[in-house]
Structure formats: structure tokens, C-alpha cells
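A.B. asks: Would you mind keeping the following structure in view while I ask a few things?
The values are calculated or read from the model by the stated rules, or taken from the named source; none is laboratory data. All values reported here derive from a predicted model rather than from experimental measurement. Cβ sites come from the backbone with ideal geometry, for glycine too, and all protein chains shown count toward neighbours.
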Amino acid sequence: MTTNLAAQINGVLAALILLTAFGLLAQRRIYGMLHLFALQGLFLSVSTAIVGYTAGLHHLYVSAVLTLILKVFVLPYILYALVHKLHIRKEVEDLVNIPTTMLIGIALVIFSYHLTAPVRELSTLITKSTLAVALSTVMLGFLVMITRKKAVTQIIGFLALENGLFFAATSATYGMPLVVELGVALDILIAAFIFGLFFFQIRTTFDSLDLKEMEKLKEED
């Protein structure tokens, strides 16, 4: 595989990652968001493997496999089981309507491209063109977190934000050291279990995972 071809394929994968990030903003069903998150993880895994092959960095193969296992299978399964166990409503509730959210998302993407322009001009890496997409994915993940009412959908936004950070590390420096990536992967997995226990306790105590309902309880106190 030539460097130019690898850069083109990676660019297509970056576009697909960005598309799934916008999909998370527009999706109105929790299961749909889980499917999009898993798809985003798949694109991220393939992109990491291609960068590892082109740059000759074998530790990126390990990162790609970890991403595939953790973000395509394990985390979506844990969240799916959590939604089913807690009988959470399948429809997503927004604090801001979807058209407005999408416009904000587009503005964040434009801002990201302007912000990373100097870096793209100086970088010699084949991934330099995807840095703006990585930053956009981070911002769109954060936007998902602040525009959704349900705690579970906010966790999906947080995990999408982490996908963007991982993609940014790959785009800017060909990834983090392997020991760091293993530590981060373990932390994310542990966090998923902790969130699951935390949500179960909240649902048992307050009979709701809606943040608005929790705010009402706080005001009553």
C-alpha cells in the first residue's frame, strides 16, 4: 500500500468517523446511538491499523485490536445490557432541538478546521489531514453530553469524545505509547462497570435517570 493511497483511505475513514459523530447528534433512539458508537469504533480501529501499517509502528496494531474489542463489542454490549436492565425509555430526550444542535455541530467543525490549520501546514505525517476531524469529534462528543437529558446518552457522548481524543493522538503523533493506551483502555472498561453500578443505584433510589428529575429532587431538599 502506497503512502498516498493510505492517506486517501484514512481520509475516507476520518469522514466516516465524523459522519457517525453527527449521527449521534441526530439519532433519537438509544439503541441507534449504541450502533453508531460501535460503528465509529470500527472505523477508528481500521484507521489505526492502516496508520500502523504505513508508518511501520507495530504497537498501533495492538491499539487497533483493543479498540475493536473494547469499543465495537464490549462497551456497546455493556451499555445495551444496562438500558435493557434498567428499562430505560428507548427514545432520546434533548435539551436543544436537533436542527439547532446540528448547526452548532457544523460551526464546531468549521472552528476545528481553522484551529488546526497551522498544524496541518507544518506536519509531515500522513495523518495531518485528519487532525481537524479528530478535534471535531471531540467537540461533537462534548456537544452530545450537554444536549441530552438521559445519563446513559451522556455516557455515550463521553465515550465518543474519548474516541476523538484517541483519533487526535493517532493523527498528531502516531498514537500514545502502548503502556499508556493499555492503561486508558483498562480505565475506560472499569469506568463502564462503575457507571453501570452507579446508574443502577440511581434508578433504584430515584426511579429515574433523567437529570431534570434529579434537579427537582435537589430543589425540594
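A.B. asks: Conditions: (1) more than 23 Å from S136 (Cβ to Cβ); (2) in contact with a helix residue (DSSP H, G or I) (Cβ under 7 Å, 6 or more places away or on another chain); (3) in contact (Cβ under 8 Å) with a residue 12 or more places away in the chain. H58 meets all but one. Number of the miss?
C.D. replies: (3)
A.B. asks: Note down all Cβ pairs under 7 Å where the first residue falls in segment 71-95 and is without any contact (Cβ under 8 Å) to a residue 40 or more places away in the chain, the second is surrounded by 12 or more Cβ atoms within 10 Å (Cβ to Cβ) and not acidic (D, E), and they're at least six residues apart or on different chains.
C.D. replies: V72/A38; V72/G41; V72/L42; V72/S45
A.B. asks: Looking only at segment 73-106, which residues are part of a loop (DSSP other than H, G, I, E, B) and either of a type in the set (A, V, I, L, M, F, W, C) or in contact with a Cys (Cβ under 6 Å, 6 or more places away or on another chain) (or both)?
C.D. replies: Answer for segment 73-106, where residues must be part of a loop (DSSP other than H, G, I, E, B) and either of a type in the set (A, V, I, L, M, F, W, C) or in contact with a Cys (Cβ under 6 Å, 6 or more places away or on another chain) (or both): I88, V92, L95, V96.
A.B. asks: While we're here: Only one of (1) crowded, with 19+ Cβ neighbours inside 10 Å; (2) more than 23 Å from D187 (Cα to Cα); (3) at pLDDT below 90; (4) not aromatic (F, W, Y) is not met by L79, so which one is it?
C.D. replies: Failing condition for L79: (2).
A.B. asks: So which residues in segment 11-32 are within 20 Å of L103 (Cβ to Cβ) and assigned to a helix (DSSP H, G or I), if there are any at all?
C.D. replies: Selection gives A15, L18, L19, T20, A21, F22, G23, L24, L25, A26.
A.B. asks: Moving on to the next point. Give T67, T20 a once-over and let me know the one that is at pLDDT below 95, surrounded by 17 or more Cβ atoms within 10 Å (Cβ to Cβ) and under 17 Å from A168 (Cα atoms).
C.D. replies: Residue meeting the stated conditions: T67.
A.B. asks: Of everything in segment 130-156, what is buried (at least 24 other Cβ atoms within 10 Å of the Cβ) and touching a strand residue (DSSP E or B) at 6+ places or on another chain (Cβ under 7 Å)? Give them in sequence order.
C.D. replies: R148
A.B. asks: Considering only residues that are more than 12 Å from the chain's Cα centre (by Cα) and charged (D, E, K, R), look in segment 145-163 and name the one that is farthest from L39 (Cα to Cα).
C.D. replies: K149
A.B. asks: Exactly one of these conditions fails for T124: (1) assigned to a helix (DSSP H, G or I); (2) over 12 Å from the mean Cα position of the chain (by Cα). Give me its number.
C.D. replies: T124 satisfies all of (1) assigned to a helix (DSSP H, G or I); (2) over 12 Å from the mean Cα position of the chain (by Cα) except (1).
A.B. asks: Hey, any hits in segment 38-45 for a residue that's under 15 Å from L140 (Cα atoms) and either of a type in the set (D, E, K, R) or surrounded by fewer than 21 Cβ atoms within 10 Å (Cβ to Cβ) (or both)?
C.D. replies: no
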